[in-house]
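Here is the structure we will look at, set down as structure tokens.
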Amino acid sequence: MYANRTFLVTGASSGIGHAVTTALLSRSAKVIGVSRREPELTPTEMHDFDSENFQFLGCDLSDFESLSNSLEPEIRRLRKEKSHPLDGVVLCHGYGDFGAVEQFSNERISLLIDTNLTSHIMICRLVLPVLKTVGAGDLIFIGSESSLKGGKKGAVYCATKFGLRGFAQSLRQECATSNVKVSIVNPGMVDTGFFDDLDFAPGESQDNQLHAETVAKAVMAIFDMPSGSVVDEINLSPIKTVIRNK
Ligand SMILES: NC(=O)c1ccc[n+]([C@@H]2O[C@H](COP(=O)([O-])OP(=O)(O)OC[C@H]3O[C@@H](n4cnc5c(N)ncnc54)[C@H](OP(=O)(O)O)[C@@H]3O)[C@@H](O)[C@H]2O)c1
């Protein structure tokens, strides 16, 4: 079902994007994985990532010139090689930055918005014509529980995630006539590198945190929906929300 299908996954080096890439490769799909760093691999993952099914595209997506220079030629190449160039796009890249807005410099605000929101819009500008021409395919955003509810110290991050949700909902309507399905997955706290540079993290108990693989399962469930139906949104949380201060 996945063999010979091609997917673009951002944030492929770690966390949710890495787990989505692993799930797709294990089903024999082809994946173009985008991130600044190459994915770090466990011995069991090496076989799939070292195969010709995985292609790494190194790019800082907050640098819009680099984004265009990396993705545009790749999309042109896919269009030349295949009549059905792209089957799905999963946008998983992003990071968290929290604090009172007056503590943020203008540069810090811009970088967060550029990375978590504007780059997503720019990638869609490039990939949607391909999906719409084919008249099929999935476009999946990784939002957040912060796409649904504002929170203390989260003003700028929530602004990016609320924006992403509004963008996804609008594209969902716009793309229906082209049979392109647009979905957003909004996870609560996931045990990933997201928290490495933050002063908080999910509680240590297993029911305080999602795993990246669980979010990837939700993404795969979206891909597996029958044609003619679309999952608009999935909200996914650990059963008990506990925040641990580091
Ligand atoms: N973890 C959570 O609790 C949680 C909850 C809700 C939503 N989310 C969202 O889920 C998404 C993935 O986060 P994660 O939890 O998987 O964290 P993660 O393990 O830190 O992964 C983030 C990914 O984004 C990539 N990335 C970040 N900045 C980039 C840039 N400028 N250019 C290209 N790639 C960039 C990173 O790759 P490089 O560093 O190699 O570039 C990495 O692959 C984010 O959008 C985050 O907001 C996370």
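Within segment 161-182, is there a residue that is closer than 18 Å to Gly15 by Cα and out of contact with any Asp or Glu (no Cβ under 8 Å at 6 or more places or on another chain)? Full working, then the answer.
Of the residues in segment 161-182, the ones closer than 18 Å to Gly15 by Cα are 161.
Checking which are out of contact with any Asp or Glu (no Cβ under 8 Å at 6 or more places or on another chain) leaves us with 161.
Looking for residues that are closer than 18 Å to Gly15 by Cα and out of contact with any Asp or Glu (no Cβ under 8 Å at 6 or more places or on another chain), one finds at least one in segment 161-182, hence yes.
Which condition from (1) surrounded by fewer than 20 Cβ atoms within 10 Å (Cβ to Cβ); (2) near the ligand (Cβ under 8 Å from one of its atoms) is the one that Ala12 breaks?
(1)
Condition (residue is crowded, with 18+ Cβ neighbours inside 10 Å and acidic (Asp, Glu)) applied to segment 124-138: is it met by at least one residue?
Yes, because at least one residue in segment 124-138 is crowded, with 18+ Cβ neighbours inside 10 Å and acidic (Asp, Glu).
Does Gln173 meet the test of being touching a strand residue (DSSP E or B) at 6+ places or on another chain (Cβ under 8 Å) and of a type in the set (S, T, N, Q)? Talk me through it step by step, then tell me what you get.
Details: touching a strand residue (DSSP E or B) at 6+ places or on another chain (Cβ under 8 Å): no; of a type in the set (S, T, N, Q): yes.
Here the answer is no, as Gln173 does not meet what is asked.
Of everything in segment 180-219 that's β-branched (Val, Ile, Thr) and in a loop (DSSP other than H, G, I, E, B), which residue is farthest from Ser147 (Cα to Cα)? Before the answer, list the steps.
Just the residues of segment 180-219 that are β-branched (Val, Ile, Thr), to begin with: 180, 182, 184-185, 190, 192, 214-215, 219.
Pick out the ones that are also in a loop (DSSP other than H, G, I, E, B) and you get 180, 192.
On the way: Val180: 22, Thr192: 18 Å.
Only one residue fits best here, namely Val180.
Please give the number of the condition Ile140 fails out of (1) in contact (Cβ under 8 Å) with a residue 12 or more places away in the chain; (2) farther than 25 Å from Val31 by Cβ; (3) outside any helix (DSSP H, G or I).
Status for Ile140: all satisfied but (2).
Looking for whichever is closer than 30 Å to Lys152 by Cβ and among the β-branched types (Val, Ile, Thr) here; the options are Val127, Val31, Val101. Which one fits?
Val101
Quick one: count up the residues across segment 129-179 that are under 30 Å from Leu198 (Cα atoms) and of a type outside the set (Ser, Thr, Tyr). Before the answer, list the steps.
Keep residues of segment 129-179 that are under 30 Å from Leu198 (Cα atoms), which gives 139-169.
If we keep only those that are of a type outside the set (Ser, Thr, Tyr) too, we end up with 139-143, 145, 148-156, 158-159, 161-169.
Of the residues in segment 129-179, 26 are under 30 Å from Leu198 (Cα atoms) and of a type outside the set (Ser, Thr, Tyr).
Would you pick out the residues in segment 128-177 that are acidic (Asp, Glu) and under 26 Å from Ala212 (Cα atoms)?
Our first condition is that a residue be acidic (Asp, Glu); within segment 128-177, this holds for 138, 145, 174.
If the condition is that a residue be acidic (Asp, Glu) and under 26 Å from Ala212 (Cα atoms), then Asp138, Glu145 are the ones that fit.
Test Lys181 against the criterion of being under 16 Å from Leu91 (Cα atoms) and surrounded by fewer than 18 Cβ atoms within 10 Å (Cβ to Cβ), and give yes or no.
On the way: under 16 Å from Leu91 (Cα atoms): yes; surrounded by fewer than 18 Cβ atoms within 10 Å (Cβ to Cβ): no.
No.
Can you run down the residue pairs with Cβ atoms below 9 Å, 6 or more apart or on separate chains, where the first is in segment 65-86 and over 18 Å from Val31 (Cβ atoms) and the partner is among the polar types (S, T, N, Q)?
Leu67/Ser119
Here is a check on your reading of the model: is Glu102 more than 16 Å from the ligand (Cβ to nearest atom), surrounded by fewer than 20 Cβ atoms within 10 Å (Cβ to Cβ) and without any contact (Cβ under 8 Å) to a residue 12 or more places away in the chain? Show your work before the answer.
Values: more than 16 Å from the ligand (Cβ to nearest atom): yes; surrounded by fewer than 20 Cβ atoms within 10 Å (Cβ to Cβ): yes; without any contact (Cβ under 8 Å) to a residue 12 or more places away in the chain: yes.
Against the criterion (more than 16 Å from the ligand (Cβ to nearest atom), surrounded by fewer than 20 Cβ atoms within 10 Å (Cβ to Cβ) and without any contact (Cβ under 8 Å) to a residue 12 or more places away in the chain), Glu102 qualifies.
Does any residue of segment 60-79 turn out to be over 18 Å from the mean Cα position of the chain (by Cα), of a type in the set (Phe, Trp, Tyr) and surrounded by fewer than 18 Cβ atoms within 10 Å (Cβ to Cβ)?
no
Looking at segment 230-243, I want the residues that are over 24 Å from Met220 (Cα atoms) and have a partner that is part of a loop (DSSP other than H, G, I, E, B) and charged (D, E, K, R) with Cβ atoms under 9 Å, at least 6 apart or on another chain. Which pairs are those?
From residues that are over 24 Å from Met220 (Cα atoms), the pairs are Val242/Glu204.
Of all residues being within 16 Å of Glu213 (Cβ to Cβ) and charged (D, E, K, R) in segment 15-68, which is nearest to the ligand (Cβ to nearest atom)? Just the residue, please.
Glu40
Taken together, the values in this text are just the output of simple stated rules run on the coordinates, not laboratory data. From a predicted model like this one, the values you see are computed outputs, not experimental measurements. Methodologically, a virtual Cβ is constructed for each residue, glycine included, from the backbone with ideal geometry; neighbour enumeration extends over all protein chains shown.
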